[in-house]
Structures are given as structure tokens and as C-alpha cells.
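Below is one structure; the comments refer to it alone.
The values are calculated or read from the model by the stated rules, or taken from the named source; none is laboratory data. Only a predicted model underlies this, so the values are computations on that prediction, with no experimental measurement involved. Cβ placement follows ideal geometry from the backbone for every residue including glycine, while neighbour counts extend to all protein chains displayed.
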Amino acid sequence: MFLARARLCTLGSRPKFLKTICASKILGLSTSAATLPRYLVKHQSRLFREDIFQKMSLKFKNAKRIEGLDSNVWIEFTKLAADPSVVNLGQGLPDISPPVYVKEELSKIAAIDSLNQYTRGFGHPSLVKALSCLYEKFYQNQINPNKEILVTVGAYGSLFNAIQGLIDEGDEVIVIVPFYDCYEPMVRMAGAIPVFIPLRSKLVDGKKWSSSDWTLDPQELASKFNSKTKAIILNTPHNPLGKVYTKEELQVIADLCIKYDTLCISDEVYEWLVYTGNKHFKIATFPGMWERTITIGSAGKTFSVTGWKLGWSIGPKHLIKHLQTVQQNTVYTCATPLQEALAQALWIDIKRMDDPECYFNSLPKELEVKRNRMVHLLESVGLKPIVPDGGYFIIADVSLLDTDLSDMKNSNEPYDYKFVKWMTKNKKLSAIPVSAFCNAETKLQFEKFVRFCFIKKDSTLDAAEEIIKAWSRQKF
Amino acid sequence: MALGGMFRNAAAIYLHLVGPFRGKKSGASLARCLHQTLVMTKQLQARRLNGIDHNPWVEFVKLASEADVVNLGQGFPDFAPPDFAVEAFQHAVSGDFMLNQYTKAFGYPPLTKILASFFGKLLGQDMDPLKNVLVTVGAYGALFTAFQALVDEGDEVIIIEPFFDCYEPMTLMAGGRPVFVSLKLSPNQDRELDSSSNWQLDPTELASKFTSRTKALILNTPNNPLGKVFSRAELELVASLCQQHDVVCITDEVYQWLVYDGCQHVSIATLPGMWERTLTIGSAGKTFSATGWKVGWVLGPESLLKHLRTVHQNSIFHCPTQAQAAVAQSFEREQLHFGQPSSYFVQLPQAIQRCRDHMIQSLKSVGLRPVIPQGSYFLITDISEFKSKMPNLPGAADEPYDRRFVKWMIKNKGLMAIPVSIFYSVPHQKLFDHYIRFCFMKDESTLQAMDKKLQKWKDDLRP
């Protein structure tokens, strides 16, 4: 009896099963009080009422919107990498210090009394003003700080607000694979249908494999659009590939959005992290696109302060107002002191956009060196990296190593999951399996790839280098 | 702007030109500089936003910022958090630079640890920081997460009126159906001021609200706006109905430390049979007078919390690290001082009770009749006399009297309060349009400024 009931409580994702399971008499198990655990003895008199039993199981069930959305790759892998002896190149978490002036601003602000209380729900006034000032440089129009900007709990929160505000049950949303893993569950939580299209690589012989070799087939992309398509989610620079979409590629997407009357949710958190020879383009600046695009940015990625959890959505007021409605019914407002500190930090860099000292310029320079070092390192051990044009991740094809993973249990997992677990355990180096960024059907296409994060201090990369060198010595 | 509805020509896109060249920079091409609105053939916004886009606060906040007004409306302190909390935040932002990065999704470990131990003792439960605690973006975020996790299309949620205004739209956004039951005044027989304890639920009426579709009941104690602190007996009534009908109780206890006159705050989760069906929500903002930190939490059984975690990881995922670190350190300090005179949780209600009493005396002097709150930051006052003397204050056609009164008071008396009809369901707003809510969680100087305004008001009343 207890066993059956305990199983019922954990089967949140099997509603049909719950509805048909009945009370103990059908299961034919003993119901003597002596065999029941104390918790159930208290409720014994109610256990045998079938109607209550069924009702109870049903009542404590999760709402349908989160059915099947309970697993999460980060929870699983950050636990693995939590061992301090593991060199963690997994989660996109800088272990470098944020710029000094950013830390200083927050310190100064922590001493100001009035900033410990609520601020404006849609964004602290000085912050939305700073954001408006910064981004006006990129858009043709002035950006109304109150109506065309919303400050959210990280870019993650902006994605949530945009999807909850604009995507309805039954809508289709195009998601490009690989995708930052929250896009799929967020679309599903809104009751919508994700429609996937993979980036595909052309063959590369002899030359370095670049993220720019991965593209969308225009005809394939067009075939994904139809009258039910409410939005496409774009991520440029792209996580995990590091692809920076070109003007021409964005034009193809824009043309389809306009043709099919579709919205574009453009996740541009890595917008400043673009390497030599590449340029970040904002699809919202293309003709016909401002009025149908939400562009998302992140303080965490901009200033290497992921723990501040501040992001923003920029767009036309007829779209932003719906994200604001979501905001006033979810978190209402974001933390005040952090928003003020962010505003101050932005002003410092806005004043020196062309200066090499400006963090928007200095960080990509710093990271390009690290990127190149990672490419070299991965190649030296026989991994085939894809050189990213932007972002702070690099993915590599690990299949050439032909590692013996037979001692990894759970053979149902994709190859890269097993590989990462094996590598974490045996080489003390962690990464993230790229199939985590794929939907069920496309996992096999990407299961040979593993993602490394390189926004790490030199000593971390040194430690990774040690491991990788030792590894390559072992092979030969 | 209503953009819903289908257009006959599915392939057409209608572009409305809004003010040519508005905010345009010189030299930009025509195509790009015209701010075009979008009228999609499909409904633009999701249906879950239907009926919840209106925000009653915006109007009043705007009015208050315009004139020389003493703001007794919004519920936040205008004095500083306690020194130890400010220091904790300063420590968090100037110490280990890794606190600038992500922490654990479900809560910064030292915070979930102290919450589990601190509240474990209070709730009489052995709480696991990983299973029984979830840190959220304010109690507001906790409420949202709870509704989204448990309320489904068609589920009924019992809301006790007057209610903190977000409960209704959050229920609607989750597809639920709010079912309202009002606290009703059993007035004192003498001419004494009523207490929030005189506002009570009718047990028969409450019982009648439960149906087989009732998924949850949302309780708020101490209550905003009334200040009512539900007694053990009242909670037992609610608890027995929740158990009888197998309903989840979401209890918003953000003002749990702000109880006066020796009143006891009772957490319904401590009642027999309730832990396993209760989500207890708390707020660092209200606990440490630091509403701008936006740190809240939910405490409850794993069987319920796991669903909230699923919502959390698919909505905001992580909460800011440093504010959590500051709250953890603040709770650690309070744990050491718990129950002693030096505890903030002892000192704060004592200090605020004085503010409450000051405000009550001052309001009486102009003929307002405050209801003495047993707890929270707020009191409501009956404006019936003004309603009978000045029934025709300017306002929109169907606008409840209390809203017109507040606007009049802001404009003419320089005082801001919040109309209590905001805290009622639409059908009941006309029944409860003769109360306004004042916040007394204010610095002495603010209360003195209030006195000046009230003195002038009193003078104006003299014939």
C-alpha cells in the first residue's frame, strides 16, 4: 500500500496512471496498521476512501503547463562539476573578476539608504534612461525609456516575459537547433508548439572549422513558417556554437517574418562578444522589423556579473506593453541597488564607446586571446573544435578520441552526456554536452559535440591545459 | 490599444503610421524612421493576459509624484533597514567577487540553510534546505510561482477579501477562477474604534465556497490592507475546510513580524494536517525593511515545492546572489538574538506600533475613523462621513467613491492613501468604497509632515 502510494506521489508526469490507480483493495495489499509507516497511520482512516484517495493524488498534481518540464541540464551538470578538484569549463559563469568600476559602483550604492526600497516596476528610471541612451546609438530612432524598454530578472526573465506575453496556446514558435536550452520548455509552458530547424555545417576540408560554416538552409527555413507561426527565436551571437549571423542570413529571416507576419524574439546577450572579422547585427534595425521584434540583452553577460540577474527587453511599445503586463503579474519589480549600479556602470562605458578601455571593447579582445588558446588546446588533443565568431563558448567534436565509455552506466543517454560525465570523473575536466541544447529528435545530430566555456581566468585555463596535455600524452 | 480579433484578409499587414518623424535622427531613411505599429492578423498578446493588464497603482503613484504630497500610500518604509542588514549587503557586494556570479538556482546555499533552520524551528518541521525551501524574487515572485505550479485551467481559488491585489490577476493568468469570500465587520457596540479583529469570516459562507474544483485557498495573515491577524481559531476553521476538501493553502505571511498589542502570529502550516498541504511565503523586504532587495521564499513539503521548482527553473532560474547573501547574514544575526530585546523582530513591531498609534490619533482629529490593525504596515479608515457630506467628488462615471476621495485628498489635502476598493473584486467594489488605506511604516518626520497636513485640514473644516 505504502509503496504504491509513494510511487503515485512521484509520478507527477503520468496523469493517466494516477487517474486509474485506485485504493488498496484493488491492489490487494495488506492494510494492517502495523505495517504502515507512521505518517500513513495518522491518515489511515482516510486511506481506504477511494474517492478521497483519487482526489488527493489529483489535487497535488502540478498544473498541466509544467508537465514534462521538470528536468534541467544545468541542475544535473553543475552538481557534477561542484567538486572543487574539477576544472569547470561547463556552465557559462565567468571566474574572472567583473571590471573594478562595476564592483565599485555597487559598493557605493550599497551605502545609499533610499536605494533599499522598491523602485519603478518596469525598470529603475536611471537604468532605463542609460539603456535608452546606449541603444539609441544602434537603432535609427530614439528609444522611449518607459514604453520601449523593460528591465527583467536576467535575459532569462525577458525570454519568459516575451513568451508568456506574446505566445499563446497552439501557436507555433520556430526554434533553431542547437538552442539555449530554456527556449523549448518556455515555449511549451506557454502551451505553444516549438518547430525546430537545425543549423547545418558545410564540409570543411583542410581549413579551420568555423561557426560561420554552420548555416540555415533558406528553403528548409521557409518550410517551417506557416500561418500558425507566431514567432521565431533568434540567438546571435549563438550559444553554444558561437555563430554570429551575417547581414544576409538575418535578411532571410527578416523577409520570412514579414511575409508570414511573425514576431522575432532576438536573444542578443553576447552582443558585445564578437571577434575580429565579425560584426553583430541587430535584426530589429532591418526594414520592417522594429515593429515585430523584441531584442533581449543581459547585464550578466555585458559586465561579467551573471549573479546580478538583470536583463532587458527592447522593442516597440505595442509589444513591450504585453511584457510589462507579465512583469506586473510575476515579479513586479527587480532589485533596486543592482539596477542603480548597472546604470552607473553603463554611463561610464557609454561615455567612452570608442575607447579601447571601454569594457564593450576590452572584453572581446581579452576573450579572443582565450578563444585562440582554447582552439589550439583542443586541437592538440585530437578534438575538432568549431572556432566561434562570438560568444564565450567553443564546441568540439569529441568522437575522434574514440574514448572507451563502456564503464559509464545508463546507456540510454546520448554519447556526449556520457562523455562529459566520463571526462569529469576521469579527467577532472567538465563541460556541457551539446545535445542538451537539442530537442529529442535532433539530439543524435549533435551528440558528438561538447561545449567548453572560456570566460575563465588564466589559471583555470592553465589547469585545463595541464589536463589536456596529460590526456594527449596518454594516448600516444 | 486592442489588437485582438481576426482580419478577413489573412495575408495583409496593416501599417499604421504614428507621428511621422517622431524622435527621428536626421538623415535616416523614411522607411526606418516611421514608428509603425503592428496589427497582426492573429491576436498579438497571449490570451492569458486578458483582463489582467490594468494596473490600479500606476495612476495613484503618478499623482503622488506630481504635487507636494505626503506619501502614505505605497507599502514601503521610508527609513533605512537596520544597520546589520545594510552591513550585510555591503559585505556581500564588496567581499568575494564570485558573489557577482550565478549561485544555485533554488537558493544561495547559506540562505536556504538558514531559512530551513530558522523556520524549521518556528514551523516545528525538520526542513531540508534543498527540498523544503525555494528562494524567489520577492514574495510576489513566490506567489506567482505557486499559482503557476498548481493552478490549472478551471481550478477554483478561494480569495478572502480584502486581498492584496495581485492574487486575482495571478489566479486568472493561471487560467483559474477566483472565488471571493469577504471578511465582514461585526462592529463594536460602543463608539470605540473597530479593530481589525472585528472583521471576520462567516463560517457557513466560507464553507459554501469550497467545491470539488477548489484547488487552493490563499490566506494572508497579517492581512494587507486590513491589518487583521487571523486567530488560531479562525485558522483552524480554514484548516479544517482545506483538509475536508483536500485543498492547498497558500499562505502569504510577509508581515509575520509586524504584530501589535501582544497579538500572536500563527502560521497555518503548524496546525495538524496542514504542513503537507501548505505553502508558506515570506519576504526579506518586509522582514528587514529592505523592499528593494526583492528576496522572498516559499517553504513547504517537497511534494509541492518540486512543482514550484519546475516553474522557477523555466521562468527566472536564478535569483540575484548578493541580495541573498545579505539576507542570509541578516537571518544569521537574528537567529543569535531571537526572542531577545535586541532582536530586530522584537524592536521593529514595538517601534512601528508607536507609528500606528500616532497615525490613529492624528486621523481621528479630522473625522476619519481608522480601524485599529492588529498587524502589518497598514490601517484602513472609514470615510463614510465624508461620503455623506461630499458625495459628488470628480471622477469617471462608475468610479468607486474611495478612488475619487483619494484623488481629491491628494490634490486638496496633500496626503496620499490607497483606495481600498482596489483590494476587492469588481462586483464588491461598490460595497466597500468607503475605506482608504494608510501606510504607517514611515519615519517620524513623515508622520509629522502628515500632522501638518491634517492640522490644515482640520482648520479648513472649521466653520
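Only residues that are in contact with a Leu (Cβ under 6 Å, 6 or more places away or on another chain) and more than 30 Å from A:Lys425 (Cβ to Cβ): list them for region A:83-122, please.
Filtering region A:83-122 for residues in contact with a Leu (Cβ under 6 Å, 6 or more places away or on another chain) gives A:87, A:109, A:122.
Selection gives A:Ile109, A:Phe122.
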Checklist entry - Can B:Ile218 be described as modelled with pLDDT of 95 or more, away from every other protein chain (no Cβ under 14 Å), within 20 Å of B:Val151 (Cβ to Cβ) and touching a helix residue (DSSP H, G or I) at 6+ places or on another chain (Cβ under 8 Å)? => result yes
Checklist entry - Under the condition of being aromatic (Phe, Trp, Tyr) and within 18 Å of the chain's Cα centre (by Cα), which residue from region A:58-100 is surrounded by the most Cβ atoms within 10 Å (Cβ to Cβ)? => result A:Phe77
Checklist entry - On the given criteria, is B:Glu153 closer than 16 Å to A:Ala63 by Cβ and either surrounded by fewer than 17 Cβ atoms within 10 Å (Cβ to Cβ) or under 17 Å from the mean Cα position of the chain (by Cα) (or both)? => result yes
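For B:Pro341, indicate whether it is in a loop (DSSP other than H, G, I, E, B) and not aliphatic (A, V, I, L, M). Walk me through how you get there before you give the answer.
Details: in a loop (DSSP other than H, G, I, E, B): yes; not aliphatic (A, V, I, L, M): yes.
The answer is yes for B:Pro341.
How about region A:150-234: which helices (runs of 4 or more DSSP H) wholly inside it have at least 1 residues that are out of contact with any Asp or Glu (no Cβ under 6 Å at 6 or more places or on another chain) and more than 14 Å from chain B (Cβ to nearest Cβ)?
Details: elements: A:154-166, A:183-189, A:218-224.
Qualifying helices (runs of 4 or more DSSP H): A:218-224.
Can we say A:Val177 is buried (at least 24 other Cβ atoms within 10 Å of the Cβ) and touching a Leu at 6+ places or on another chain (Cβ under 9 Å)? Don't jump to the end; show me each part of the working.
On the way: buried (at least 24 other Cβ atoms within 10 Å of the Cβ): no; touching a Leu at 6+ places or on another chain (Cβ under 9 Å): yes.
For A:Val177, the condition - buried (at least 24 other Cβ atoms within 10 Å of the Cβ) and touching a Leu at 6+ places or on another chain (Cβ under 9 Å) - is not met.
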Checklist outcome for this item: Counting only residues that are in contact with a Phe, Trp or Tyr (Cβ under 7 Å, 6 or more places away or on another chain), more than 7 Å from every other protein chain (Cβ to nearest Cβ) and hydroxyl-bearing (Ser, Thr, Tyr), region B:131-151 contains a total of 1
Checklist entry - Which condition number does B:Ser421 fail, the rest of (1) touching a residue at least 24 places away in the same chain (Cβ under 8 Å); (2) in contact with a Pro (Cβ under 8 Å, 6 or more places away or on another chain); (3) surrounded by 20 or more Cβ atoms within 10 Å (Cβ to Cβ) being met? => result (1)
Checklist entry - Among the listed residues B:Gln200, B:Gln244, B:Gln256, which satisfies the condition of being surrounded by fewer than 20 Cβ atoms within 10 Å (Cβ to Cβ) and within 24 Å of B:Val371 (Cβ to Cβ)? => result B:Gln200
Checklist entry - Failed condition for B:Pro162, given (1) within 17 Å of the chain's Cα centre (by Cα); (2) within 14 Å of another protein chain (Cβ to nearest Cβ), with all others met? => result (2)
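Let me confirm something: among B:Lys131, B:Lys121, B:Lys215, B:Lys113, which residue is assigned to a loop (DSSP other than H, G, I, E, B) and charged (D, E, K, R)? Give the derivation first.
Values: B:Lys121 fails: assigned to a loop (DSSP other than H, G, I, E, B); B:Lys215 fails: assigned to a loop (DSSP other than H, G, I, E, B); B:Lys113 fails: assigned to a loop (DSSP other than H, G, I, E, B).
Just a single option satisfies the conditions, and that option is B:Lys131.
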Item to check | Residue count for region A:415-442, restricted to those that are surrounded by fewer than 21 Cβ atoms within 10 Å (Cβ to Cβ) and under 29 Å from A:Ile193 (Cβ atoms) | outcome: 4
Checklist entry - What number goes with the only condition from (1) over 23 Å from A:Val187 (Cα atoms); (2) surrounded by fewer than 20 Cβ atoms within 10 Å (Cβ to Cβ) that A:Ala299 does not pass? => result (2)
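With respect to A:Asp355, is the statement that it is away from every other protein chain (no Cβ under 14 Å) and either crowded, with 20+ Cβ neighbours inside 10 Å or modelled with pLDDT under 95 (or both) true? So that I can check it myself, show each step before the final result.
Numbers: away from every other protein chain (no Cβ under 14 Å): yes; either crowded, with 20+ Cβ neighbours inside 10 Å or modelled with pLDDT under 95 (or both): no.
Here the answer is no, as A:Asp355 does not meet what is asked.
Could you check region A:40-139 for helices (runs of 4 or more DSSP H) lying wholly inside it with 3 or more residues that are within 9 Å of chain B (Cβ to nearest Cβ) and modelled with pLDDT of 95 or more? Let's see the steps before the verdict.
On the way: elements: A:44-47, A:50-59, A:73-81, A:100-109, A:125-136.
Here the list reads A:100-109.
Quick one: how many residues across region A:235-265 are among the basic types (Lys, Arg) and touching an Asp or Glu at 6+ places or on another chain (Cβ under 7 Å)?
Quick first cut of region A:235-265, residues among the basic types (Lys, Arg) only: A:243, A:247, A:259.
Filter once more, so that each one left must be touching an Asp or Glu at 6+ places or on another chain (Cβ under 7 Å): A:243.
Count: 1.
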Checklist entry - In region B:275-290, what residues are within 12 Å of chain A (Cβ to nearest Cβ) and farther than 17 Å from B:Asn132 by Cα? => result B:Ala284, B:Gly285, B:Lys286, B:Phe288, B:Ser289, B:Ala290
Next on the checklist: Looking at region B:356-371 only, could you name the residues that are assigned to a strand (DSSP E or B) and closer than 20 Å to B:Thr446 by Cα?
Outcome noted: B:Pro370
Item to check | Qualifying residues in region B:165-200 (those that are part of a loop (DSSP other than H, G, I, E, B) and within 12 Å of another protein chain (Cβ to nearest Cβ)) - the one farthest from B:Glu253 (Cα to Cα) | outcome: B:Gly175
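Just wondering, is there one or more residues in region B:148-159 that are in a strand (DSSP E or B), over 25 Å from B:Asn314 (Cα atoms) and aliphatic (A, V, I, L, M)? Outline the logic, then answer.
Initially, region B:148-159 is screened for residues in a strand (DSSP E or B), giving B:156-159.
When the remaining residues are screened for being over 25 Å from B:Asn314 (Cα atoms), the result is B:158-159.
Now drop any that are not aliphatic (A, V, I, L, M), which leaves B:158-159.
Yes - at least one qualifying residue is present in region B:148-159.
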Checklist entry - Of B:Leu368, B:Leu348, B:Leu363, which residue is outside the structural domain of B:Ala174 (by TED's automatic domain parsing), under 21 Å from A:Asp113 (Cβ atoms) and among the hydrophobic types (A, V, I, L, M, F, W, C)? => result B:Leu348
Checklist entry - Using beta carbons and a limit of 9 Å, which pairs, at least six apart or on different chains, have the first residue in region B:315-326 and closer than 20 Å to B:Phe144 by Cα and facing chain A (nearest Cβ under 7 Å) and the second one among the charged types (D, E, K, R) and surrounded by fewer than 24 Cβ atoms within 10 Å (Cβ to Cβ)? => result B:His318/B:Lys104
Item to check | Whichever residue in region B:48-78 is acidic (Asp, Glu) and touching a residue at least 12 places away in the same chain (Cβ under 8 Å) and, among such residues, is nearest to B:Trp457 (Cα to Cα) | outcome: B:Asp68
Checklist entry - In the set A:Ile386, A:Ile394, which member is touching a Pro at 6+ places or on another chain (Cβ under 6 Å) and not in a helix (DSSP H, G or I)? => result A:Ile394
